[in-house]
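The values are calculated or read from the model by the stated rules, or taken from the named source; none is laboratory data. None of these values were measured; they are calculated from a predicted model. Cβ atoms come from the backbone with ideal geometry, glycine included; neighbour counts cover every protein chain shown. Ligands, DNA and RNA are excluded from the accessible area calculation, which covers all protein heavy atoms including side chains. Shrake-Rupley method; radii C 1.70, N 1.55, O 1.52, S 1.80 Å.
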Amino acid sequence: MARHRVRGATFDVGTALDLGERQADVVVSGLVLTFVPDVPRAVAEFARVGSYVGSYVWDYTTGMQMMRYFWDAATDVDPAAASHDEGPRFAAVSGRDPLRDLWTGAGLRDVEVTGIVVPTVFRDFDDFWEPFLGGTGAAPAYAATLPPEQLAEVRDLLRSRLPAEGPIELTARAWAVRGTR
């Protein structure tokens, strides 16, 4: 396990499923739980090691409007896209109730779950569409697999569902959870 000291604090870096034998005042996991193969085991490990345990995750189920628009359009064009959609894939960890259940299930007390809403404003449709062409992340990686005609269908369907003029004002929500051992 790697150990780092920065300005009076010590950081031990490990995997979510094995944090070693040390105890910690605080264990924090930022935007990671959706990538952990066994989330309940990871949260139990956080609770075993930390006195205060916190995390935050994107709400892929209903809170990431940009992604919701994309996956709904992609699935309308190509029903197979549904298997790539982060909403259903991460539902067990990306909501208020699932996070509360994970924290209390790991024996943590005084559990609080708070929504954090971030405005995501795009100048126009091109500004909205461009991130989907980068290849990084589930939606752009999926988009990169589409033949040009099908990608154009997704783009055109999205364009028809979003404001035609001016900025596109959406939000992205994350859930933050904390509890004590």
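Just one residue in the set 75, 34 is surrounded by fewer than 17 Cβ atoms within 10 Å (Cβ to Cβ), out of contact with any Gly (no Cβ under 6 Å at 6 or more places or on another chain) and more than 29 Å from residue 14 (Cα to Cα); that residue is 75.
Considering the conditions (1) closer than 22 Å to residue 137 by Cβ; (2) without any contact (Cβ under 8 Å) to a residue 60 or more places away in the chain, residue 57 is excluded by exactly one of them, (2). In this structure, does residue 117 turn out to be open to solvent by less than 20 Å² (accessible area, probe 1.4 Å) and either β-branched (Val, Ile, Thr) or not in a helix (DSSP H, G or I) (or both)? Against the criterion (open to solvent by less than 20 Å² (accessible area, probe 1.4 Å) and either β-branched (Val, Ile, Thr) or not in a helix (DSSP H, G or I) (or both)), residue 117 does not qualify. A single entry from 153, 130 fulfils the requirement of being in contact (Cβ under 8 Å) with a residue 24 or more places away in the chain and either open to solvent by 80 Å² or more (accessible area, probe 1.4 Å) or closer than 30 Å to residue 47 by Cα (or both): 153.
Give the residue, chosen from 4, 84, that is within 30 Å of residue 156 (Cβ to Cβ) and open to solvent by 50 Å² or more (accessible area, probe 1.4 Å).
Working: 4 fails: within 30 Å of residue 156 (Cβ to Cβ).
Going through 4, 84 in turn, the sole match is 84.
For segment 18-31, a tally of residues being open to solvent by less than 40 Å² (accessible area, probe 1.4 Å) and under 21 Å from the mean Cα position of the chain (by Cα) returns 3.
Has segment 94-107 got at least one residue that is buried (at least 20 other Cβ atoms within 10 Å of the Cβ), under 12 Å from the mean Cα position of the chain (by Cα) and of a type in the set (S, T, N, Q)? Yes, segment 94-107 contains a residue that is buried (at least 20 other Cβ atoms within 10 Å of the Cβ), under 12 Å from the mean Cα position of the chain (by Cα) and of a type in the set (S, T, N, Q).
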